[in-house]
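The values are calculated or read from the model by the stated rules, or taken from the named source; none is laboratory data. From a predicted model like this one, the values you see are computed outputs, not experimental measurements. Backbone-built Cβ (ideal geometry, glycine too); neighbour counts: all protein chains shown.
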Amino acid sequence: MLNGSVRKHLKKAVPSYVILAVIIIVVSIVSPSFRKAGNIRNIIAQCAVLAIVSIAQTNVLLIGGIDMSVSSVISFGTIAVALYSSTGGMGLAGALLLALAVGAVTGLINGIGVVRFRIPPMIITISTQALLKGICLVLMPKSGGKVNADFASFLKARFGVMNVSAIIALVLYAVFFVIYHRTQFGRRIYAVGNGEVYAAQSGVPVRRTIISTYVISGLISAVAGIVLAARISTGNPLVGDSYAMNSVASAVVGGVSMVGGVGTVLGALSGSIIMSLINNVINNMDISPYYQYITRGLVLVVSLLIFQLRGRRKAG
Amino acid sequence: MKIKEKMRYSSFPFGVYFLLIAVIIAFFIATQGTISPSHLLNIMRQASPLGIAAMGQTLVLLVGGIDLSVGATISMVNLVTASLMMGKMENLFGSVLVSLLLCAAIGFLNGYIIAHFKMQPFLVTMAMSMIVEGGYYIYTKGIAKGSIAADFRIISEGWLGPLPIAGLIWVGIWAALSFVLHRSTYGHRLYITGGNQAASRLSGFRSEGLVISAYVLCSLLAGIAGLMLSAYIGTASTGIGADYTLNSIAATVVGGTAFSGGIGGLEGTFPGVLITVILQSMMTIIGISEAGKFIVQGVVIATMVAINQMRKKRR
């Protein structure tokens with residue numbers, strides 16, 4: 001069912017699933033409070049936002065780019081929902097559309113900046129990040145507003161250990177897995193990531209593909225912002241800030257290469273779960289919360305080393 | 001005509017200086033001429049920590065890398081120096097020495113891992129940033145303690161006649177580093193390594209050592225920036241360096257240093273920093289606060305880099 005190239009990309013995600021399994025098994029044995037259904041439900045709810053942003057980031061990393069503007073798109077998403085959704089159904093629909101439209105426009109600017117003006121992806125996305133952050137601060141200098149209560153409770157509604165936000169995340173992963181590994185667009189993304197010149201010579205519309213990935217990244221980050229709004233029930237101009245770096249870290253821990261063309265979106269899923277899990281594990285094992293930063297850094301270093309050593313063994 | 005030709009082919013970033021002049025003129029107009037040169041010197045004083053950190057970032061970009069741990073390093077220096085100094089001048093030597101040694105260690109690890117294991121600079125320095133941040137959280141247990149000795153604060157607060165001491169330190173380091181970059185073999189090799197690592201290896205340079213030295217210098221300059229920032233605010237405060245990572249990268253690329261390595265230099269970074277800071281204080285004076293700063297920053301970075309890229313293509 002899976003052809004060779006898909007299997008090759010899936011293999012890159014294996015170490016992150018092994019790390020995830022080891023963490024879960026060890027912590028479940030050591031800490032009884034970790035195993036409780038309530039805690040597992042919590043973890044799954046916490047994971048949803050980072051998991052969704054990581055799809056956006058993976059999508060751009062696969063073509064050899066990077067998207068730092070996801071953070072401001074997320075913050076804008078929470079603000080749009082908090083400002084306009086409480087007035088009723090029309091307000092809610094308008095707020096969701098506004099969030100998605102701003103995400104798409106940000107992505108379009110990023111994409112055009114990269115292909116038309118040849119601005120390095122890191123720089124153009126830092127610029128749009130700053131620009132949009134400014135707009136967020138104009139609209140809402142301090143966190144506030146009110147998220148439509150029905151909408152929030154819908155996204156937080158539970159089915160067993162899952163809630164609706166987590167289900168949305170999983171559905172998005174399934175959709176993007178199919179897009180990347182089963183469609184022409186997906187093959188084009190991997191082709192561009194493996195070398196723009198060769199891709200162009202084989203008839204891939206390189207510029208259009210690159211712009212589309214940035215637009216998709218903006219749209220998916222907007223979805224993450226909407227989901228986050230339901231979780232925190234308010235809008236916040238700075239709430240998205242940590243997601244830019246954390247989504248890159250999640251994708252990389254999941255085996256997605258920053259050079260482009262290598263890795264799979266399923267790796268980003270386990271990577272983002274590992275990154276969100278660290279916090280919870282540290283709380284449940286009674287370790288000082290100040291160890292969470294250093295642990296995240298070390299997990300990133302360990303997975304980088306694993307990929308480096310595996311790559312070297314193959315080369316040598 | 002001849003001057004025009006010369007400017008077109010020179011590697012000196014005239015464009016950034018024209019922009020700096022334009023920004024200063026705009027600043028005069030926006031404030032209806034109430035701004036005196038001493039105001040500008042005061043802005044320069046406040047810009048010094050960023051100016052020094054951005055020079056470090058420039059060196060790293062020149063060897064084709066990037067350092068995302070600059071901000072965490074600056075925050076760490078503030079917390080470590082303040083907690084060791086405890087407001088007493090007699091602890092000065094020890095606290096500064098410990099801080100700068102920690103910086104050198106951070107830079108060495110960054111450079112060694114990147115050069116030796118051929119790993120992505122972005123990821124290595126991002127992980128380092130998380131580890132340094134985690135390290136100072138564990139060290140302080142979340143409570144920033146200590147203060148900076150009053151006499152030491154002179155490096156950021158003091159004036160030598162009409163000139164701010166902080167600005168003099170900034171320009172002094174700039175002059176020394178520029179001399180090294182343009183007049184020494186080390187500097188030339190740094191540029192060549194950034195332009196083409198393989199070629200530099202074939203030319204017999206130890207490119208690994210050059211890359212490591214750039215990261216060590218970058219972390220040390222971040223350390224000096226951290227000391228000056230600490231002297232400026234006078235106390236320990238968690239996370240004061242956070243903005244410096246992206247701001248130093250922004251100022252560097254506005255000044256014309258390329259992401260690909262080997263192109264650009266400190267002579268562009270200096271006006272790059274001043275442009276960023278003058279625009280920000282202009283926003284404050286006009287009354288567009290926080291929000292305006294980010295909007296202006298975004299627009300300036302994107303347009304300046306776009307112009308630089310277009311110029312490169314035309315040549």
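Could you tell me which residue of region B:150-189 is farthest from B:Met55 (Cα to Cα), considering only residues that are of a type in the set (D, E, K, R) and touching a residue at least 40 places away in the same chain (Cβ under 8 Å)? The residue in question is B:Asp151.
Checked against the criteria, A:Ser221 counts as surrounded by 16 or more Cβ atoms within 10 Å (Cβ to Cβ), of a type outside the set (A, V, I, L, M, F, W, C) and within 29 Å of A:Phe117 (Cα to Cα).
May I ask you to verify whether A:Ser270 is more than 10 Å from chain B (Cβ to nearest Cβ), buried (at least 19 other Cβ atoms within 10 Å of the Cβ), modelled with pLDDT of 85 or more and within 30 Å of A:Gly144 (Cβ to Cβ)?
Judged against the criteria, A:Ser270 is not a match.
For (1) over 27 Å from A:Ala244 (Cβ atoms); (2) polar (S, T, N, Q); (3) surrounded by fewer than 23 Cβ atoms within 10 Å (Cβ to Cβ), each residue gets a yes or a no:
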residue	(1), (2), (3)
B:His116	yes, no, yes
B:Gln120	no, yes, yes
B:Tyr137	no, no, yes
B:Trp159	yes, no, yes
B:Ala176	yes, no, yes
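Please verify whether A:Gln46 is touching a residue at least 60 places away in the same chain (Cβ under 8 Å), within 19 Å of A:Ala249 (Cβ to Cβ), surrounded by fewer than 24 Cβ atoms within 10 Å (Cβ to Cβ) and not aliphatic (A, V, I, L, M), treating the condition exactly as stated. Yes: the conditions hold for A:Gln46. Scanning region A:229-255 for residues that are within 13 Å of A:Ala56 (Cβ to Cβ) and away from every other protein chain (no Cβ under 11 Å) yields a count of 4. Looking at the structure I just gave you, is B:Ser129 touching a residue at least 12 places away in the same chain (Cβ under 8 Å) and in contact with a strand residue (DSSP E or B) (Cβ under 7 Å, 6 or more places away or on another chain)? Spelling it out, it is not the case that B:Ser129 is touching a residue at least 12 places away in the same chain (Cβ under 8 Å) and in contact with a strand residue (DSSP E or B) (Cβ under 7 Å, 6 or more places away or on another chain). Among the residues of region A:117-144, the ones that are at the interface with chain B (Cβ under 9 Å from one of its Cβ atoms), surrounded by fewer than 18 Cβ atoms within 10 Å (Cβ to Cβ) and either on the phi > 0 side of the Ramachandran plot or of a type outside the set (A, V, I, L, M, F, W, C) (or both) come to 2 in all.
Among all residue pairs at least 6 apart or on different chains, which show Cβ distances below 7 Å where the first residue, located in region A:279-304, is within 11 Å of another protein chain (Cβ to nearest Cβ) and the second is basic (Lys, Arg)? Every condition considered, the pairs that remain are A:Tyr290/B:Lys141.
Out of everything in region A:231-256 that is among the hydroxyl-bearing types (Ser, Thr, Tyr) and over 15 Å from the mean Cα position of the chain (by Cα), what residue ends up being farthest from A:Lys156 (Cα to Cα)?
Per the criteria, the residue is A:Thr234.
Within region B:171-197, the residues that satisfy the criterion of being within 17 Å of the chain's Cα centre (by Cα), of a type in the set (Gly, Ala, Ser) and under 17 Å from B:Ser213 (Cβ atoms) are B:Ala176, B:Ser178.
Only residues that are within 14 Å of another protein chain (Cβ to nearest Cβ) and either more than 19 Å from B:Ala222 (Cβ to Cβ) or of a type in the set (Asp, Glu) (or both) were counted across region B:65-114, and they come to 1.
A quick yes/no check of all residues on (1) buried (at least 24 other Cβ atoms within 10 Å of the Cβ); (2) on the phi < 0 side of the Ramachandran plot; (3) away from every other protein chain (no Cβ under 12 Å); (4) more than 18 Å from the chain's Cα centre (by Cα):
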site: B:Leu227; (1), (2), (3), (4): yes, yes, yes, no
site: B:Ser230; (1), (2), (3), (4): yes, yes, yes, no
site: B:Ile233; (1), (2), (3), (4): no, yes, yes, yes
site: B:Gly262; (1), (2), (3), (4): no, no, yes, no
site: B:Gly272; (1), (2), (3), (4): yes, yes, yes, no
site: B:Thr276; (1), (2), (3), (4): yes, yes, no, no
site: B:Met283; (1), (2), (3), (4): no, yes, no, yes
site: B:Ile286; (1), (2), (3), (4): no, yes, yes, yes
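The set of residues in region B:134-154 being more than 21 Å from B:Ile106 (Cα to Cα) and of a type in the set (Val, Ile, Thr) consists of B:Ile143, B:Ile148, B:Ile154. Remark: A:Gly225 falls outside the filter, which requires a residue to be within 14 Å of A:Asn59 (Cα to Cα) and assigned to a helix (DSSP H, G or I). Would you check if B:Gly223 is among the small types (Gly, Ala, Ser) and at pLDDT 90 or above? For B:Gly223, the condition - among the small types (Gly, Ala, Ser) and at pLDDT 90 or above - is met.
Among the candidates B:Val216, B:Val253, B:Val211, the residue that is of a type in the set (Val, Ile, Thr), within 14 Å of chain A (Cβ to nearest Cβ) and touching a residue at least 12 places away in the same chain (Cβ under 8 Å) is uniquely B:Val253.
The rows are residues; the columns are (1) of a type in the set (A, V, I, L, M); (2) under 27 Å from A:Ile216 (Cβ atoms); (3) in a helix (DSSP H, G or I); (4) within 21 Å of the chain's Cα centre (by Cα).
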residue: A:Val262; (1), (2), (3), (4): yes, yes, no, yes
residue: A:Gly267; (1), (2), (3), (4): no, yes, yes, yes
residue: A:Asn283; (1), (2), (3), (4): no, no, yes, no
residue: A:Pro289; (1), (2), (3), (4): no, no, no, no
residue: A:Leu304; (1), (2), (3), (4): yes, yes, yes, yes
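Restricting the search to helices (runs of 4 or more DSSP H) fully inside region B:155-260 and requiring at least 1 residues that are aliphatic (A, V, I, L, M) and over 26 Å from B:Ala115 (Cα atoms) gives B:165-183, B:207-233, B:244-254.
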